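Below is one structure, written out as structure tokens, with a few remarks after it.
The values are calculated or read from the model by the stated rules, or taken from the named source; none is laboratory data. Here the structure is a predicted model, which means the values were calculated and not measured. Please note: Cβ atoms are built from the backbone with ideal geometry, for glycine as well, and neighbour counts cover all protein chains shown. Remember, those area values only see protein heavy atoms, side chains included, never the ligands or the DNA or RNA. Shrake-Rupley method; radii C 1.70, N 1.55, O 1.52, S 1.80 Å.
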Amino acid sequence: MKLYDLKAQGLDLQENIPLSRYTFTKTGGPAEYLAFPKNLAELKELLAAAKEEQLPVTVIGNASNLIIRDKGIKGLVIILTEMKEIKVEADKVHAQAGARIIDTSFAAGEAGLTGLEFAAGIPGSVGGAVFMNAGAYGGETKDCLESATVVTRDGEVKTYTNAELHFSYRHSLLQENGEIVIAATFALKAGDKATILDQMNYLNALRSYKQPLEYPSCGSVFKRPTGHFVGPMIIKAGLQGKQIGGAQVSTKHAGFIVNKGGATATDYLNLIHYIQKTIKEKDGIALQTEVRIIGEE
Ligand SMILES: Cc1cc2nc3c(=O)[nH]c(=O)nc-3n(C[C@H](O)[C@H](O)[C@H](O)COP(=O)(O)OP(=O)(O)OC[C@H]3O[C@@H](n4cnc5c(N)ncnc54)[C@H](O)[C@@H]3O)c2cc1C
């Protein structure tokens with residue numbers, strides 16, 4: 001089966017679509033083909049068709065941790081946000097990969113389950129949270145994830161336990177093996193619903209106070225180097241407010257780069273490289289990006 005046959009059957013498949021429509025930075029070039037599968041069967045059909053046509057496949061969740069280069073992405077881009085079911089069963093929450101981790105966290109809170117409060121304001125998908133081992137305010141995905149079900153690029157479905165995912169700071173096994181998360185189960189504990197929801201709302205208020213949520217961004221651009229905090233290093237280097245094109249080091253939180261209007265992915269990348277070069281010269285530290293940079297060079 002070819003991609004066009006799938007489209008003829010009613011699968012949501014578009015061509016040459018600007019990915020800036022979907023990224024949190026509002027930057028990024030076009031996808032050659034873009035699909036939004038609604039279930040595992042559609043996802044497997046897409047993978048099989050891309051394989052038959054020898055097209056590379058790129059998987060995206062909520063596009064909140066991505067810079068997609070301005071030349072876009074060749075081949076098939078699959079956005080999983082239509083696979084978004086969330087189910088609470090006793091002290092477990094099962095969520096499909098495209099569900100927002102924020103919604104998953106609130107579903108847990110509403111059910112009086114504690115453990116996912118840290119994720120109440122992380123704007124990614126469940127799949128992205130597992131892939132990145134997303135974390136905030138002292139909690140990480142690895143602390144409450146029981147298992148994740150994946151599909152391989154060849155269409156084989158398998159389930160990993162938490163230990164098998166080799167989680168570490170903003171890292172999981174999936175960053176090495178290219179497998180696609182389709183669902184995750186979180187093992188939580190019974191708690192007091194009002195206290196849980198209060199904590200989530202408190203963390204979100206703190207987030208809006210500290211982070212430039214009024215502008216498009218990709219969250220923290222750099223990983224925290226051991227023993228250092230990125231924001232203060234950037235401020236000390238005199239880079240807060242530094243702007244290249246439409247991309248600016250946030251004046252509210254120096255670890256963020258915001259799109260002040262009309263930024264391109266190239267502006268983002270030039271600013272990232274400028275910061276890395278300056279910090280290397282001044283502090284001798286090689287900053288690694290937390291944000292994933294993809295697309296045609
Ligand atoms: C304002 C703001 C605040 C943020 N705050 C935080 C924070 O507090 N803590 C934190 O950790 N992060 C934070 N982030 C970053 C981001 O939300 C997280 O990294 C999130 O986990 C990314 O999920 P996503 O679905 O958006 O992934 P995407 O950006 O879509 O993709 C990121 C990577 O994950 C891969 N991926 C996505 N889905 C899947 C899948 N189903 N299977 C396999 N691979 C997949 C993609 O291929 C890509 O390499 C923030 C971002 C923003 C914009």
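So which of 155, 109 ends up being within 22 Å of residue 211 (Cβ to Cβ) and more than 10 Å from the ligand (Cβ to nearest atom)?
Result: 109 is the single residue among 155, 109 that is within 22 Å of residue 211 (Cβ to Cβ) and more than 10 Å from the ligand (Cβ to nearest atom).
When both residues are 6+ apart or on different chains and their Cβ atoms are under 7 Å apart, which pairs have a first residue that lies in segment 245-266 and is in contact (Cβ under 8 Å) with a residue 60 or more places away in the chain, and a second that is of a type in the set (Phe, Trp, Tyr) and part of a loop (DSSP other than H, G, I, E, B)?
Once the first residue is in contact (Cβ under 8 Å) with a residue 60 or more places away in the chain and sits in segment 245-266, its partners that are of a type in the set (Phe, Trp, Tyr) and part of a loop (DSSP other than H, G, I, E, B) give 259/215.
Output the number of residues of segment 48-61 satisfying the condition of being open to solvent by less than 40 Å² (accessible area, probe 1.4 Å) and either in contact with a Pro (Cβ under 6 Å, 6 or more places away or on another chain) or more than 12 Å from the ligand (Cβ to nearest atom) (or both).
3
Among the residues of segment 110-126, which ones are open to solvent by less than 10 Å² (accessible area, probe 1.4 Å) and farther than 21 Å from residue 205 by Cα?
Answer for segment 110-126, where residues must be open to solvent by less than 10 Å² (accessible area, probe 1.4 Å) and farther than 21 Å from residue 205 by Cα: just 126.
Return the only residue of 241, 191 being open to solvent by less than 50 Å² (accessible area, probe 1.4 Å), of a type in the set (Gly, Ala, Ser) and in contact with a Gly (Cβ under 7 Å, 6 or more places away or on another chain).
Of 241, 191, the one residue that is open to solvent by less than 50 Å² (accessible area, probe 1.4 Å), of a type in the set (Gly, Ala, Ser) and in contact with a Gly (Cβ under 7 Å, 6 or more places away or on another chain) is 191.
Has segment 284-295 got at least one residue that is at positive phi, within 21 Å of the chain's Cα centre (by Cα) and crowded, with 20+ Cβ neighbours inside 10 Å?
yes
Table: residues versus (1) of a type in the set (S, T, N, Q); (2) open to solvent by less than 80 Å² (accessible area, probe 1.4 Å); (3) modelled with pLDDT of 95 or more.
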| site | (1), (2), (3) |
| --- | --- |
| 162 | yes, yes, yes |
| 175 | yes, yes, yes |
| 180 | no, yes, yes |
| 195 | yes, no, yes |
| 204 | yes, yes, yes |
| 209 | no, no, yes |
| 215 | no, no, yes |
| 223 | no, yes, yes |
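Evaluate segment 132-139: report whether one residue or more is closer than 21 Å to residue 198 by Cβ, out of contact with any Ser or Thr (no Cβ under 8 Å at 6 or more places or on another chain), in a strand (DSSP E or B) and touching a residue at least 40 places away in the same chain (Cβ under 8 Å).
yes
Of all residues in segment 87-102, which are outside any strand (DSSP E or B) and within 12 Å of the ligand (Cβ to nearest atom)?
97, 98, 99, 101, 102
Examine segment 75-89 for a residue that is in contact with a Pro (Cβ under 6 Å, 6 or more places away or on another chain), of a type outside the set (A, V, I, L, M), at pLDDT 95 or above and within 27 Å of residue 25 (Cα to Cα), and state whether such a residue exists.
Yes, there is a match, as at least one residue in segment 75-89 is in contact with a Pro (Cβ under 6 Å, 6 or more places away or on another chain), of a type outside the set (A, V, I, L, M), at pLDDT 95 or above and within 27 Å of residue 25 (Cα to Cα).
For residues that are open to solvent by 10 Å² or more (accessible area, probe 1.4 Å), in a helix (DSSP H, G or I) and of a type in the set (A, V, I, L, M, F, W, C), tally how many sit in segment 17-46.
Count: 2.
Working carefully through the options 122, 67, find the one that is within 30 Å of residue 297 (Cβ to Cβ), more than 8 Å from the ligand (Cβ to nearest atom), hydrophobic (A, V, I, L, M, F, W, C) and within 16 Å of the chain's Cα centre (by Cα).
On inspection, the qualifying residue turns out to be 67.
Among the residues of segment 125-144, count how many are more than 9 Å from the ligand (Cβ to nearest atom) and on the phi < 0 side of the Ramachandran plot.
The total comes to 4.
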